[in-house]
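Here is the structure we will look at, set down as structure tokens.
The values are calculated or read from the model by the stated rules, or taken from the named source; none is laboratory data. These numbers come from a predicted model, not from an experiment. Every residue, glycine among them, receives a Cβ derived from its backbone with ideal geometry; neighbour counts consider all protein chains shown.
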Amino acid sequence: MKRASTTVQPADFSRPLRKVLVAEDDPVSRRLIEASLTQWGLEPVVAEDGDAAWAILSKAEAPTLGVIDWMMPGIDGPTLCRRARERQPTRSAYLILLTARGGREDLVTGLTAGADDYITKPFDRAELRARLEVGIRVLDLQAELARRIGELEQALKQVKRLKGLVPICMYCKRIRNDHNYWQQVESYIREHTEADFTHGVCPDCYRKLVEGK
């Protein structure tokens, strides 16, 4: 009885085109990973040993996704992950270790070194695609969180600008701005916050100014 083959459909990973570090010294595995990534709309950045992989990860524009072999000439996979985390601890990156080791201790060692996930050899293309999709979702969520934090920090800066003493005229109630000009309260607050105004007439002013009482 023939085993049903698994068909891997091309995935739309490019938003924009994502680079993926492929650090693998075995030429057959490396070409298979490279071809798969290209088919799925990703851009493989290939390194044939650990030293070349570290040179890529050391760059400011280094790929944020990585498929890294555990055993390679030069620097091994766990050491690469550890160095990447130590060099740029706040930079978002998702690193997947590719290893023939499936023991619990090996898994703990790899994850402790800084890997986010792992795949055991011989790997399945569908599994590789699924784990890359997980990595992309994580990176997208981290990017969105960073964007929202930036917006919150900017909003807090705007709020802080209204803290402290505000010079206001005791007669006309105009406020002196940072350029030593006097302006209406509405325009001052509108410039320093996201608030806007809708004007009305309070009962006392209505009786005094409109009805003349």
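Data overview
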{"quantity": "Matching residues in the range 96-121 - criterion: being closer than 28 Å to L17 by Cβ and either without any contact (Cβ under 8 Å) to a residue 40 or more places away in the chain or among the β-branched types (V, I, T) (or both)", "calculated": "I96, L97, T99, G114, D116, D117, Y118, I119"}
{"quantity": "Odd one out for F13, checked against (1) of a type in the set (A, V, I, L, M, F, W, C); (2) farther than 22 Å from G110 by Cβ; (3) modelled with pLDDT of 90 or more", "calculated": "(3)"}
{"quantity": "Residue that is assigned to a loop (DSSP other than H, G, I, E, B) and either among the basic types (K, R) or in the same structural domain as E24 (by TED's automatic domain parsing) (or both), where the choices are P89, P78", "calculated": "P89"}
{"quantity": "Q142 polar (S, T, N, Q), more than 20 Å from V22 (Cβ to Cβ) and either modelled with pLDDT under 85 or not assigned by TED's automatic domain parsing to the domain that holds I33 (or both)", "calculated": "no"}
{"quantity": "Selection within the range 40-87 - over 23 Å from the mean Cα position of the chain (by Cα) and among the acidic types (D, E)", "calculated": "E48, D49, D51, D69, D76"}
{"quantity": "Number of the exception - V46 against (1) modelled with pLDDT of 95 or more; (2) buried (at least 20 other Cβ atoms within 10 Å of the Cβ); (3) not aromatic (F, W, Y)", "calculated": "(2)"}
{"quantity": "Test set (1) modelled with pLDDT of 90 or more; (2) in a loop (DSSP other than H, G, I, E, B) - L132 fails condition number", "calculated": "(2)"}
